[in-house]
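Engineer: Sharing a structure here in structure tokens format.
The values are calculated or read from the model by the stated rules, or taken from the named source; none is laboratory data. Quick caveat, the model's predicted, so the values are computed rather than measured. No Cβ is skipped: glycine too gets one built from the backbone with ideal geometry, and neighbour counts run over all protein chains shown. Quick note on the areas: whole protein, heavy atoms, side chains included, nothing else; ligands and nucleic acids left out. Shrake-Rupley method; radii C 1.70, N 1.55, O 1.52, S 1.80 Å.
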Amino acid sequence: MSLTAAGPPPMDLRTVPLPGHMALGWALVIATLALVGFRVPAADVKIGESYLIFFFHFPSAINCLNLFFFAGLASMYHLWRRTPGSDLWAASAVEVGVLSCVVTLVTGSIWAKAAWGEWWVVSDPRLMSVAIMFLTYLGYLALRSAVEEPLKRARFSAVFGSIAMLNIFVVYFSVRIFPVENHPMKVELVDSSMRLTQWFGAGAFLVLYTAFWRLRFRLLCAREEVERLDVEISAVRP
Amino acid sequence: MRPRALPVALSLLLALAGGLAAEDAAGRPGPGAEAGAGPGDGGGQMVMAPAQGRVPDFKPYIFWAYGLACLLIFLFILWTLSQLRRVEEKLDHLARTQGERRSGEP
């Protein structure tokens, strides 16, 4: 399969073999589960057993922001240089970012039910800003599927992706900006094994999600190639 | 090696490990647990107050949080791999058609 149509990516992840990358990601996530299962204390002093959800919630949340940030950078790079590869890197980062956002919302909602007794608190700025960010990036994906012409699609998506990046800062600073608070700015982890598991999990999910990102990039490249060949073949058809 | 069977097998393993780890962690007794206090304890609004002398059972929440997260990741990878397979088949077909067309040209 030829991937040359997409041009050079802004970050050359392709030098790392994909199956190995993915296997490493899975292994690290399983290792995170092992740490949760056998290493960290079973209950936190303040929030009890329910804090265990944090070790999947936090890594997904932080990597969701990372992926949307990378998507924004790739979008801006596309607006600057107009390389097709940067558009595809941005689109694939948004796709994986949406996955991690769903994981964040699902685990967060279950944790909210366990800790606060509510699935969703409408007055909470962090929750609502994440929901808005999620809907914004669904809009990005809808825009991509609505525009058929590749160059126009890439340009529109790049503008959208660059502006949508503002969401990340709103989400991050929402707890500081708005006075109402349910969601804490950060969860205080007293035990060193808790902090180790927190950051180990974040790293593990980063490795796994970047493998997914590369896989989605490969898929989008293949789709672009299919579109190009389709146009070429139908152009010479008598 | 194409990334096909490996992630599927590993994600199944992940789903199993997720369930087991969550079960095991939630089952262990914890030091000084005041279960029921919310994450917003530090100045925020707290919706749920613990019933007197009753510690809520968080096991189902932990199980569902980990289980659904693993399931979502698993479904995402299956969906991506099936899409990739279809697109690659179409790409091969189109490349073959184009090659035949070119070889047929004078």
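Engineer: So A:Pro84 passes all but one of these: (1) closer than 21 Å to A:Phe205 by Cβ; (2) surrounded by fewer than 20 Cβ atoms within 10 Å (Cβ to Cβ). Which condition number does it fail?
Structural biologist: It fails just one condition, (1).
Engineer: Can we say A:Glu118 is in contact with a helix residue (DSSP H, G or I) (Cβ under 7 Å, 6 or more places away or on another chain), modelled with pLDDT of 95 or more and of a type in the set (D, E, K, R)?
Structural biologist: no
Engineer: Got at least one residue in the stretch A:129-149 being of a type in the set (Gly, Ala, Ser) and surrounded by 15 or more Cβ atoms within 10 Å (Cβ to Cβ)?
Structural biologist: yes
Engineer: Tell me, yes or no, whether the stretch A:102-112 has at least one residue that is modelled with pLDDT under 90 and surrounded by 19 or more Cβ atoms within 10 Å (Cβ to Cβ).
Structural biologist: Within the stretch A:102-112 (the criterion being modelled with pLDDT under 90 and surrounded by 19 or more Cβ atoms within 10 Å (Cβ to Cβ)), the answer is yes, since at least one residue qualifies.
Engineer: Could I ask something else about it? Somewhere in the stretch A:142-162, is a residue within 19 Å of A:Leu79 (Cα to Cα) and of a type in the set (S, T, N, Q)?
Structural biologist: Checked the stretch A:142-162: at least one residue is within 19 Å of A:Leu79 (Cα to Cα) and of a type in the set (S, T, N, Q).
Engineer: For the stretch B:58-84, what are the residues that are touching a residue at least 12 places away in the same chain (Cβ under 8 Å) and open to solvent by 20 Å² or more (accessible area, probe 1.4 Å)?
Structural biologist: B:Lys59, B:Phe63, B:Gly67, B:Leu71, B:Phe74, B:Leu78, listed by residue number.
Engineer: Cβ contacts < 6 Å: first residue within 7 Å of another protein chain (Cβ to nearest Cβ), restricted to the stretch A:214-226; second residue polar (S, T, N, Q), any location; separation 6+ or different chain. Result?
Structural biologist: The qualifying pairs are A:Leu215/B:Thr80; A:Arg216/A:Ser92; A:Leu219/B:Gln83.
Engineer: Mind listing just one residue for me: the one in the stretch A:150-167 that is open to solvent by less than 20 Å² (accessible area, probe 1.4 Å) and in a helix (DSSP H, G or I) and, of those, farthest from A:Arg228 (Cα to Cα)?
Structural biologist: Applying the filter and picking the extreme gives A:Ala164.
Engineer: Only one residue in A:Leu65, A:Leu99, A:Leu79, A:Leu73 is assigned to a helix (DSSP H, G or I) and either touching an Asp or Glu at 6+ places or on another chain (Cβ under 6 Å) or within 13 Å of chain B (Cβ to nearest Cβ) (or both), so which one is that?
Structural biologist: A:Leu99 is the lone residue from the list that is assigned to a helix (DSSP H, G or I) and either touching an Asp or Glu at 6+ places or on another chain (Cβ under 6 Å) or within 13 Å of chain B (Cβ to nearest Cβ) (or both).
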